[in-house]
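The values are calculated or read from the model by the stated rules, or taken from the named source; none is laboratory data. None of the values given here were measured: they were computed from a predicted structure. Cβ: placed from backbone, ideal geometry, glycine included. Neighbour counts: every protein chain shown.
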Amino acid sequence: MTPTAPGIELRQVTQRYGGPGAPLVLKAIDVVIPKGTITTFLGPSGCGKTTLLRLIAGLDAPVSGRILIDGQDVTDRGPAERNVCMVFQNYALFPHLSVIGNVGYGLSVSGVPRDETRQRAQAALASVGLAGLDQRLPGELSGGQQQRVALARALVLEPSAMLFDEPLSNLDARLRRSMRQEIRQLQQRLGLTVAYVTHDQGEALAVSDQVIVMQAGTIAQAGSPRDLYERPASLFVAGFLGEALSFDAVARADGTVRIGTLTLRAAPPLLAAGPVKVAVRPQAWQIAAPGEGLAGRVIDCAYLGSHLELSVDTALGVLLVIAGDVSQDWRPGQDIGLTLGERGVSIVAASG
């Protein structure tokens, strides 16, 4: 869908914990989450992403700035007045209540009649694939099923927005992959507005319409997953959203960039001619015959099923090279050449 209106807006939101002299956790943040889309906040521990989610939920109040949901200023409203639901890392299910009791709890305490509560709870359970498990207790469910119960409990309240705080971090890798697909499909089917917090880069790339990378209480870069991965605005974003090494290079007026002995066509936007910093991802290196491109010597080669990871000693330092051809048998001490493809190489800053 093409977003036509903001679902969630933060305007110049600032937050600190403690007195006026305490350091700022968020520094005049501006965010727009289009209605019916997922925006993921990604960043290292302490960057402010969970604080931001708590402000949207109304669990904390900002020092300054305004928060809008569906165009309504909710800055001074409490959590119950915002029509948002939060799905936590630990699911926060009541262990003594059945599945349907957990899902219908919010409706029950709001005074919704029992029959309507049960009907809506059953519909919510069906929407997340848990029909028929009404009477189970949370302790009788798998981790993935408990996560679905938490989702159903939020969906049954028909919120304007859903907030996810590291929702998959307690699951193993295979189940995490499955659940992120289910969350994405559910969000698209129901047209939900979602703010999602994670530290997992793959998760952020997989579920998001927009990714916002945060750094020390500020927004380092916002954009689509493809934009941020292929066109990072800084070395921090390039290194955080996937692996990347930075190199000193020289941009030329003819649109090429020189990295050591390698010359490549620069991906836009090209900075003015002169010294630049270039971020190179391991997938960008291409293995060539000895004598071609950058001379290298294999230090180690690890087989990872779908690809090989080579450590290669070069004049630029030791490089991590990811090779897709697993039929090759690269041995320590073997001489190779390295060239650079067009993808996975980004000019991120002027140098010096």
Next on the checklist: Checking L97 against (1) over 27 Å from R184 (Cα atoms); (2) outside any loop (DSSP other than H, G, I, E, B), only one condition comes out false. Which one?
Outcome noted: (2)
Checklist entry - From I67, I100, which residue is more than 21 Å from V156 (Cα to Cα), free of Cβ contacts under 8 Å to residues at least 60 places away in the same chain and surrounded by 15 or more Cβ atoms within 10 Å (Cβ to Cβ)? => result I67
Checklist entry - Of all residues in the range 209-229, how many are buried (at least 17 other Cβ atoms within 10 Å of the Cβ) and of a type in the set (D, E)? => result 1
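Within the range 151-159, does at least one residue satisfy the condition of being touching a Phe, Trp or Tyr at 6+ places or on another chain (Cβ under 6 Å) and among the aliphatic types (A, V, I, L, M)?
Pass one, the range 151-159, residues touching a Phe, Trp or Tyr at 6+ places or on another chain (Cβ under 6 Å): none.
The answer is no, given that none of the residues of the range 151-159 is touching a Phe, Trp or Tyr at 6+ places or on another chain (Cβ under 6 Å) and among the aliphatic types (A, V, I, L, M).
Take the residues in the range 37-64 that are hydroxyl-bearing (S, T, Y) and touching a Pro at 6+ places or on another chain (Cβ under 9 Å), then tell me which one is surrounded by the fewest Cβ atoms within 10 Å (Cβ to Cβ). Lay out the reasoning, then the answer.
Kept after step one, since they are hydroxyl-bearing (S, T, Y), are these residues of the range 37-64: 37, 39-40, 45, 50-51, 64.
So of that shortlist, the ones also touching a Pro at 6+ places or on another chain (Cβ under 9 Å) come out as 37, 40.
Details: T37: 19, T40: 25.
Checking each candidate, the answer is T37.
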Next on the checklist: Pull out all pairs, ordered by first then second residue, where Cβ-Cβ is under 8 Å, the residues are six or more apart or on different chains, the first lies in the range 180-202 and is within 13 Å of S169 (Cβ to Cβ), and the second is surrounded by fewer than 14 Cβ atoms within 10 Å (Cβ to Cβ).
Outcome noted: T198/S169; H199/P44; H199/S45; H199/S169; D200/S169
Checklist entry - Within the set of pairs 6+ apart or on separate chains, which have a first residue in the range 38-63 that is assigned by TED's automatic domain parsing to the domain that holds G19, a second that is among the small types (G, A, S) and exposed (fewer than 15 other Cβ atoms within 10 Å of the Cβ), and C-beta atoms under 7 Å apart? => result G58/G78
Next on the checklist: Can you go through S306, S346 and tell me which one is assigned to a strand (DSSP E or B), of a type in the set (S, T, Y), in the same structural domain as V250 (by TED's automatic domain parsing) and under 28 Å from the mean Cα position of the chain (by Cα)?
Outcome noted: S346
Next on the checklist: Out of everything in the range 310-332 that is surrounded by fewer than 17 Cβ atoms within 10 Å (Cβ to Cβ) and among the hydroxyl-bearing types (S, T, Y), what residue ends up being nearest to R343 (Cα to Cα)?
Outcome noted: S311
Checklist entry - Would you call R118 surrounded by 15 or more Cβ atoms within 10 Å (Cβ to Cβ), modelled with pLDDT of 90 or more, closer than 17 Å to L190 by Cβ and touching a Gly at 6+ places or on another chain (Cβ under 8 Å)? => result no
Next on the checklist: What's the total number of residues in the range 172-205 that are among the hydrophobic types (A, V, I, L, M, F, W, C) and within 21 Å of G242 (Cα to Cα)?
Outcome noted: 4
Next on the checklist: I'm checking my understanding of the structure. Among residues of the range 76-97 that are surrounded by fewer than 17 Cβ atoms within 10 Å (Cβ to Cβ) and among the aromatic types (F, W, Y), which one is nearest to L55 (Cα to Cα)?
Outcome noted: F88
Checklist entry - Has the range 138-155 got at least one residue that is surrounded by 16 or more Cβ atoms within 10 Å (Cβ to Cβ), more than 24 Å from the chain's Cα centre (by Cα) and either of a type in the set (A, V, I, L, M) or in a loop (DSSP other than H, G, I, E, B) (or both)? => result yes
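Does S327 qualify as being assigned to a strand (DSSP E or B) and not assigned by TED's automatic domain parsing to the domain that holds Y229? Give the derivation first.
Working: assigned to a strand (DSSP E or B): no; not assigned by TED's automatic domain parsing to the domain that holds Y229: yes.
No; evaluated as a whole, the condition is false for this residue.
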Item to check | Positions within the range 135-145 being in contact with a Leu (Cβ under 7 Å, 6 or more places away or on another chain) and either over 17 Å from H96 (Cα atoms) or at pLDDT below 90 (or both), in sequence order | outcome: G143, G144, Q145
Checklist entry - Looking only at residues in the range 278-309 that are out of contact with any Gly (no Cβ under 9 Å at 6 or more places or on another chain) and of a type outside the set (F, W, Y), which one is surrounded by the most Cβ atoms within 10 Å (Cβ to Cβ)? => result V278
Checklist entry - In the range 309-336, what residues are of a type outside the set (S, T, Y), under 34 Å from the mean Cα position of the chain (by Cα) and under 21 Å from F247 (Cβ atoms)? => result E309, L310, V312, D313, L316, G317, V318, L319, L320, V321, I322, A323
